[in-house]
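Throughout, read-outs are computed from the coordinates displayed, never taken from laboratory work. Source: prediction; values computed, not measured. Positions of Cβ are generated from backbone atoms using ideal geometry, with glycine treated the same way; all protein chains shown enter the neighbour counts.
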Amino acid sequence: MSTNYSSSLKYGRDHIAFEVIYTKRKTMEIAVHPDAIVIVKAPTGTAVNKIAARLAKRARWIRKQLNYFQQFIPCTPPRQYAGGESHLYLGRQYRLKIRKAKKSDVKLKGAYFEISTPDHKSRETVKGLIDQWYKEHALRIFTQRLEICFEKAKGLKVPLPNIQLRKMSKRWGSCGTAGYILLNTELIKAPLYCIDYVIMHELCHLKDHTHSHKYYRLLAKFMPDWQRRKERLESAAV
Ligand SMILES: [Zn+2]
């Protein structure tokens, strides 16, 4: 008897999660579904390494299919915080794995977001742990990116601002007059180069509060490809 299982495949710096379903069919079939789930149907008894080898051979194609579907996911549906659900971090999807443990812990492991908690059946607890994890990582990553962007935009001659985090539904960031920039915590789900775009946009606002031609000339000076980054951010399933 073979039992169905889920695992992941390493592809470059990426991990692709997949599910294996054993059936009575005679050949193996790999399908990428529009919700970005990879399903392998294999004849009952097919060895795990044989499945892995087939997946590795098709990895390029799978990645291409995933990219194709991901661009159509307009907006992530409300999260249920249940095992198997996918959550984003720095532009990559991670599948939620929830397990009962004595101590609470959140870890990224391969293609998975592993949540350990004594209260593993409570969605509230799981949500709380994930939100806290995102917040801590957002502050750390945004601070690092700000330093990098600030260095590139030295010509602005503005003092280094502080970062404040807030969960916002309609905007990625804004800048205050008192030398701080406000960033949406949700931005941590977007790729780094989109995060840099938002930071650079706000940094330039420290010099010019408008969205005039002059402002955009300034932005283009420090980030010539800002438009491409903006488009990517707006199409991201964050
Ligand atoms: Zn603006």
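Can you give the relative contact order of the chain as a percent, counting alpha carbon pairs under 8 Å and 6+ residues apart? Relative contact order here is 14 percent. For S122, no residue has an amide H sitting under 5 Å from its own, ignoring neighbours fewer than 5 places away on the same chain, with H placed 1.01 Å from N.
For every other residue with a beta carbon closer than 11 angstrom to the beta carbon of G12, add +1 if it is Lys or Arg and -1 if Asp or Glu, then tell me the sum. That works out to +3. Report summary: the helix-based calculation at 222 nm, which adds -39500 (n - 2.57) for every DSSP H run with n ≥ 4 and divides by the residues of the chain, gives -12500 deg cm²/dmol.
Label-to-label distance for I148 and K57 is 3.8 nm, based on points extended 7 Å past Cα in the beta-carbon direction. Dimensions of the stretch 86-133 from C-alpha coordinates, computed as largest minus smallest value along each principal axis and given longest first, are 29, 18, 14 Å.
I need to check one value: relative contact order of the stretch 114-238, counting alpha carbon pairs closer than 8 Å and at least 6 residues apart, in percent.
21
Hey, which lysines would be in cross-link range of K157, C-alpha to C-alpha under 19 Å, not counting anything within fewer than 8 residues on its own chain? Straight-distance partners of K157: K207, K214, K221. Projecting the Cα atoms of T46, A220, C175 onto the dipole axis of the chain, where Lys and Arg carry +1 and Asp and Glu carry -1 at the beta carbon, places T46 farthest toward the positive end. Extent of the chain along its three principal axes (Cα atoms, max minus min coordinate, largest first): 68, 40, 26 Å.
A Gaussian network model of the chain, with springs between Cα atoms under 10 Å, assigns the largest mean-square fluctuation among T185, T125, T27 to T27. Of W226, W172, W61, the residue with the greatest mean-square motion in the GNM of the chain, using alpha carbon springs below 10 Å, is W61. Residue order for L183, L108, L146, L129, fewest other beta carbons within 10 angstrom first, comes to L108, L129, L146, L183.
Under the convention that each Lys and Arg Cβ holds +1 and each Asp and Glu Cβ holds -1, the size of the dipole of the chain around its Cα centre is about 700 debye. Both numbers refer to the Cα atoms of the stretch 111-187; Rg and Dmax are 16.1, 52 Å.
Exposure proxy shown here: for H211, H201, the number of other Cβ atoms within 10 Å sets the order, fewest to most, as H211, H201.
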